[in-house]
Amino acid sequence: QVQLVESGGGLVQAGGSLRLSCAASGDIFRINAMYWYRQAPGRQRELVCTITSDDSTNYADSVKGRFTISRENAKNTVYLQMNSLKPEDTAVYYCYLEAVRVGQRTNYGYWGQGTQVTVSS
């Protein structure tokens, strides 16, 4: 089993910052790409950013220059530093990762439970 626990969401004023964390645990052999998604009320879940196993990153245009994704492999953790937050960043943020479990060869995807980020104007 692989479990993901997210933390760091909350309420912040526009222009403020938050840092999200997502820690994976379980019988993990290797974590490959890690992602942050978000879903605002009434909207589809959208990809925010990605970090690969070699630390290559990619961002949605809406967050470029404001958000930074990073990972700490020793802790099986991915972070999302969010600066200059805007009301339109309000959403539930989900981490997602691709991992190979101990004794297996297949790469599977796993979702976190989501954490609410609310940005007031």
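The values are calculated or read from the model by the stated rules, or taken from the named source; none is laboratory data. Keep in mind that what you see is a predicted model, and the values were worked out from it rather than measured. We place every Cβ from the backbone using ideal geometry, glycine too, and count neighbours over all the protein chains shown. Ligands, DNA and RNA are excluded from the accessible area calculation, which covers all protein heavy atoms including side chains. Shrake-Rupley method; radii C 1.70, N 1.55, O 1.52, S 1.80 Å.
When the inverse distances between all different Cα atoms of segment 38-92 are averaged and flipped, the Kirkwood radius reads 12.3 angstrom.
Taking the chain as a Gaussian network of alpha-carbon nodes connected by springs under 10 Å, the highest mean-square fluctuation of the residues G26, G16, G42 belongs to G42.
With Cα atoms defining each centre, segment 88-121 and segment 1-22 are spaced 11 Å apart in the structure. Electrostatic tally near Y110: other residues with Cβ closer than 11 Å to its Cβ, Lys and Arg +1, Asp and Glu -1, net 0.
Note on segment 1-112: with neighbouring protein chains present and a 1.4 Å probe, carbon and sulfur make up 45 percent of its accessible heavy-atom surface.
Cysteines in the chain lacking any other cysteine Cβ under 4.7 Å from their own Cβ: C49. Each of T52 and E98 was given a label point 7 Å from its Cα along the Cα-to-Cβ line. The distance between the two points is 1.0 nm. For the chain, the convex hull spanned by the alpha carbon atoms encloses 95 Å³ per residue. How high is the FRET efficiency between K86 and S7 when r is their beta carbon distance and R₀ equals 30 Å, given to the nearest 0.05? Calculated transfer efficiency: 0.85. For the chain, the solvent-accessible area works out to 54 Å² per residue, with a probe of 1.4 Å and every protein chain left in place.
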